[in-house]
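Report on the following structure.
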Amino acid sequence: MGKNRLAKYQSKLLDNVHQQLKSWEYMESAEVVREEIYTFLHSVKGTSGVINLGRISQVASLLLNKVEKDTRSVWPKQEALDFIFPLALELSSYMLQKDPSSLEIDEQSVVKRKDVPLILIVDDDISLLIYLKDRLEQEGYLVLVASDVRKGLSLFYDFNPDCLVLDVLVSDDNGLTIMEEFQAQIKKRFVSTIVMSVDDRKETRIKSFEMGADDFIGKPFDMEEFLVRLKRHLDRRLLIGESLLLDELTKVYNRRFLAMEYERVLAEHQLSSKPLCLAILDIDHFKSVNDTYGHVAGDTVLSRFAEFLKERSRPEDRVVRYGGEEFLLLLPHTEANEGKELMEQLLQDFSSQTIQIDQQQLSITFSAGLYEIRDTDMHLAKAVQFADSALYKAKKNGRKQVECYVTQELEQYEPAKLKVAVIDDSEIMRESISYFLNGLSLEKHELEIQLFDGGRSFFQDAWSQTEHSYLVLLDGVMPQMDGLEVLQRIRSLPKSRRYTVLMLTARKQESDIVRALNLGADDYMTKPFSTAELEARIKGLIQRMQ
């Protein structure tokens, strides 16, 4: 966010604070409703933190804590004004004395960090869950949390974390422990796993290690020691991961191998002038397999598809898991027409097979895009983009088909549109998030952004009632219709899973967070937050929506 725009938002916040005080001062009633004070402070706390007014956010937080402890439903008007006045004074003082150069320093602090480890924590101790999330995010990690087995397992599959931290005693309604649920996946995927428990008996520790844990930490534990052990496991995973060239789940080559192998094949192509093709294959309707039969079934489909490709490909071909349900084939000594025939034969053979899932026989198909590489200096990313453009056309035309990229004939790749709703009663917050979203770079999506000042305007707008997928950035505390009420109503809608909800809230009370998760929030962030963290969360959720 540029410093001029940042200064604009800061000035606007000061105006809003003064206007709120003025409205209370001149209202006819001699009392101010407590909920109005709470909502106002909540908004200031969250907004000021995002627009680099950390001190203001701290003051608002202190006042908010006092309001939470005061059980009166109404406050005398003058007492409310006197209570809020220090906040207005602090903000006015900052705006008069601030050093413009400090804005540039703050801007540097939110530059996106690359390759930040992603930690998934599963624990039904909500207090510990919230503490660990806050503490690890302070250390620079990205953190997802879940308080139950099902939510944890869903996040595990959707985001593929670098490290899993879990309490061995967490269980579902049927008594199935989380370690029993995760056991197969821990062994199949190279994910560092740290188990925690108040039960640190020898039998419990041995059982945890037998089921795939890399480490065991008894509760309570020293936080500094936990951080050191966590870093050791992440460093080890990185070191081993760099030496592995196979995808852990499907046992075909991974993208790390692709980068090296492409350079070798391209060099051969340069010397021999023999044709070279690159194909991208995408399993049709793969998300519905996960949604209907579960992620274990999805893994079975991926493994069977990879096994099929390995068996049916030629000795000189290279099969790579490119990401999710996408696979990439390098086809040396192959021109476009021949490559298309090969892909169509693969499609015919694979779609004629069935895969048994939960005693049902599923017929799975795929779509493919093919590109013949003729430029001997063609960069891998550009070749993938062309093949992906052909894949897009195949999917747009009904799936279960193969398309070749031909410059003169094929329409250019059109990114999929994703509707993003920002629901926040703070105009500053809405505008700053919108500004951030408009500058967000996404490979396969074009964002269609709408701003709403509350839940009622969101539900009344026909824009929010279509068959499209929605990403909803929802403020937790708003007047008239609270964020949790909005979330509850979203989840009561037909096909409510079209809406992926990211709660943005200054609420840090565990009861509020638990309720948000139980009501169906897909993730939550506490204000204030950095744009780097917001970008990572949004990209992760969009990937999950595909």
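Looking at the chain only, what percent of DSSP beta bridges run antiparallel? Nearest 5 please. In the chain, DSSP labels about 40 percent of beta bridges as antiparallel.
With 32 Å as the limit, write out which pairs from LYS8/LYS417; LYS133/LYS207; LYS69/LYS539 have Cα-Cα distances beyond it, or answer none. Intermediate results must be reported in sequence, preceding the final value.
On the way: LYS8/LYS417 30 Å; LYS133/LYS207 26 Å; LYS69/LYS539 37 Å.
Listed pairs above 32 Å: LYS69/LYS539.
Database remark: amide H of ILE449 closer than 5 angstrom to the amide H of VAL420 (H placed geometrically; neighbours at sequence offset of 5 or more, or on other chains; Pro and chain starts carry no H).
First check a/c for the range 295-428, with a ≥ b ≥ c the square roots of the eigenvalues of its C-alpha gyration tensor; if it is under 1.5, answer rounded, and if not, answer prolate when a/b is larger than b/c or oblate otherwise. Here the range 295-428 falls in the oblate category.
Given R0 = 56 Å, the distance between the Cβ atoms of ARG201 and GLU28 translates into a calculated FRET efficiency of 0.25. Based on C-alpha pairs under 8 angstrom that are at least 6 apart in sequence, the chain has a relative contact order of 12 percent.
Spin-label model, SER273/THR71: points 7 Å from Cα along the beta carbon direction are separated by 9.0 nm.
Largest first and in whole Å, give the semi-axes of the range 243-289's equivalent ellipsoid, each being the square root of 5 times a Cα gyration tensor eigenvalue.
Working: eigenvalues 148, 56, 7 Å².
Computed over the range 243-289, the values are 27, 17, 6 Å.
The Rg/Rh ratio of the chain, with both radii computed over alpha carbons and Rh defined as the Kirkwood radius, is 1.01. The Stokes-Einstein estimate for the range 416-545, based on a Kirkwood radius over Cα pairs and taken at 20 °C with 1.002 mPa s viscosity, is a diffusion coefficient of 146 µm²/s. Compared with the direct C-alpha span, the chain from LEU234 to THR376 gains 47.3 nm at full extension, assuming 0.36 nm per residue. Round to the nearest 0.05 the FRET efficiency obtained for ARG314 and ALA536 when R0 = 51 Å and r is the Cβ-Cβ distance. After rounding to 0.05, the efficiency reads 0.80.
Cα centroid separation, the range 330-361 to the range 472-546: 40 Å.
Can you give the translational diffusion coefficient of the range 219-331 in µm²/s, computed by Stokes-Einstein from the Kirkwood radius over Cα pairs at 10 °C and 1.306 mPa s? Rounded, D is 96 µm²/s.
Would you mind calculating the relative contact order of the range 469-518 from Cα pairs under 8 angstrom and at least 6 residues apart, reporting the percent as a whole number?
Dividing the mean separation by the residue count of the range 469-518 yields 47 percent.
Between helix 77-97 and the chain there is an angle of about 60 degrees, using the helix long axis and the longest principal axis of the Cα atoms.
Mean separation of Cα pairs under 8 Å and 6 or more residues apart, divided by the residue count, gives the range 255-404 a relative contact order of 31 percent.
Read-outs: derived from the displayed coordinates by stated rules, not from any lab. Quick caveat: nothing in here was measured; it's all calculated off a predicted structure. Quick reminder, even Gly has a Cβ in these numbers, built from the backbone with ideal geometry, and neighbours come from all protein chains shown.
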